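Here the structure comes first, spelled out in structure tokens, and everything after it is commentary.
No value in this document is a laboratory result; all are computed from the given coordinates. Everything numeric here is computed off the predicted structure, so don't read it as measured data. We place every Cβ from the backbone using ideal geometry, glycine too, and count neighbours over all the protein chains shown.
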Amino acid sequence: MIKKLLALNGIAIIGAVLYHAAGWGFISMFWWTDRFLPVTVPNFSLKGSFSYFGLRFIEQIIIIAIPAFLFVSGYFIVFASGKESAPKWKWIFTRIKYLVIPYLIWSTILICMNVFFGESYQPGQIVNMILTGKAIEAFYFIPLIIQLYLLSPILTRAVKAKPFLMLSISFILMILVHLGQYASMLGISYIGKSFLSLFTHAWLFPGNLFWFVFGIYIGFFYASIQEKLVRFRLLFLTISLVLIPVGIWEWEKLLALSGRDWYPSRESIVDNLFSIFFLLTFITYSLGPIIKLKWLNYLGSKSFGIYLSHTLFLTLIAKIIYNLIPQILKYQIIFQPILIFGAILGPVLLIEILKRSPLRKFFVYVFG
């Protein structure tokens with residue numbers, strides 16, 4: 001299972017890169033349209049095009065990235081605990097230290113990059129960006145996982161004692177948070193809206209608690225339930241495949257009902273169901289050829305470092321193309337591979353250079 005989850009981490013980091021590259025694809029399609037067509041921006045004439053739905057398909061199939069990271073983290077909490085029912089606080093604080101220091105370094109780098117490109121911030125804004133993971137869109141994950149690590153002694157004991165209760169509570173919390181997001185997107189008022197809206201931020205744990213709890217549950221009980229789960233693996237796979245077009249339809253329907261031309265992409269209830277059945281499919285099939293891929297395992301082992309640094313490369317590559325060769329923006333079939341290749345190769349080269357340099361003793365503080 002350990003090797004399988006390392007491969008899952010590799011798939012998840014590729015998914016994260018693809019997801020954020022697709023985000024730049026939508027920016028080029030709607031907000032940078034004037035760089036390759038004689039129009040004013042934002043321009044949504046390309047909405048509904050083949051390229052548009054190509055990006056939507058990519059977003060849909062790799063929406064499992066964050067759930068997969070959190071699932072693996074929950075599983076490894078159990079693995080790190082050994083024979084104990086909960087991880088030791090010393091281990092937790094050590095793990096958090098190697099999350100926080102690289103996070104602060106890369107947040108500083110990315111905030112400075114934004115300033116270079118014309119953004120300006122007040123000191124209070126910078127503090128808020130650091131605390132909530134808003135230096136760049138992808139960074140909300142780090143405050144989120146830190147919260148879950150701090151809760152892990154309570155969560156592991158609770159899951160071991162009452163597994164189905166914890167799975168049910170965390171699942172209901174996730175659905176409630178997404179319903180709150182739906183209401184916000186559609187402009188629906190309801191009793192307790194102001195209270196619930198406090199918990200709908202991506203960097204807060206309630207909406208993503210389920211994935212961590214699910215990982216802890218599998219860490220404790222997979223050996224005892226493996227035979228039962230394997231019987232249903234074809235069903236898990238079938239449901240996963242069916243939910244891909246359903247998820248695309250759901251988001252387009254929500255967008256149409258919102259009355260807006262665009263709304264920032266986020267996980268939906270169908271996305272969550274897709275992620276659940278994808279994870280069940282992944283852990284119940286042997287997937288030997290995939291698990292043995294050395295490059296995938298390598299990416300899995302360096303996933304945090306790639307996660308921290310890939311947005312820097314995506315931003316730089318997108319801005320360079322925007323300014324120097326904007327005609328590429330018209331062709332997502334060219335633009336996307338350039339972004340994806342650069343956002344994976346760039347961090348890998350940085351990681352390998354630092355590992356082999358005289359500064360290698362600082363590697364863990366830069367890339368975790």
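Name the most mobile residue of Ala161, Ala68, Ala343, meaning the one with the largest mean-square fluctuation, in a Gaussian network model of the chain with Cα contacts below 10 Å.
Between Ala161, Ala68, Ala343, it is Ala161 that shows the largest mean-square fluctuation.
Through the Karplus equation 6.51 cos²θ - 1.76 cosθ + 1.60, θ set to phi - 60°, convert the phi angles of segment 45-59 into ³J(HN,Hα) values in whole Hz; use x for Gly and Pro.
With the stated coefficients, segment 45-59 comes to 5, 8, 5, x, 6, 4, 5, 4, 6, x, 5, 4, 5, 4, 4 Hz.
What does the highest-first list of 196-207, 116-127 look like by mean Cβ count within 10 Å?
In decreasing order of mean packing, 196-207, 116-127 become 196-207, 116-127.
Report the far tail of the P(r) of the chain, meaning the percent of Cα-Cα pairs longer than 29 Å. The partial results should precede the final answer.
Details: 29600 of 67528 pairs.
Considering the chain, 44 percent of its Cα-Cα pairs are separated by more than 29 Å.
Would you mind ranking Lys302, Lys97 by Cβ crowding within 10 Å, fewest neighbours first?
Details: Lys302 20, Lys97 13.
Sorted ascending by nearby Cβ count, the order is Lys97, Lys302.
³J(HN,Hα) across segment 298-311 via Karplus (A = 6.51, B = -1.76, C = 1.60, θ = phi - 60°), whole Hz, x for Gly/Pro?
With coefficients 6.51, -1.76 and 1.60, one gets 4, 4, x, 6, 10, 4, 5, x, 5, 4, 5, 9, 5, 5 Hz.
Enter the Cα centre distance for the pair segment 86-149 and segment 22-67, rounded to the nearest angstrom.
Cα centroid to Cα centroid, the span is 27 Å.
Quick check: residue separation of Lys319 and Leu150 times 0.36 nm, minus the Cα distance between them. What number comes out in nm?
Residue separation times 0.36 nm, minus the Cα-Cα distance, leaves 57.1 nm.
Could you give me the ³J(HN,Hα) list for segment 180-185, computed from phi with Karplus coefficients 6.51, -1.76, 1.60 and θ = phi - 60°, whole Hz, x at Gly and Pro?
Calculated HN-Hα couplings, in order: x, 5, 4, 4, 5, 5 Hz.
In percent, what relative contact order does the chain have, based on Cα pairs under 8 Å that are 6 or more apart in sequence?
Normalised by residue count, the contact order of the chain is 29 percent.
What is the fewest-to-most order of Ile2, Ile77 by other Cβ atoms lying within 10 Å of their Cβ? Please list the in-between numbers first.
Numbers: Ile2 9, Ile77 25.
Ascending number of Cβ neighbours within 10 Å: Ile2, Ile77.
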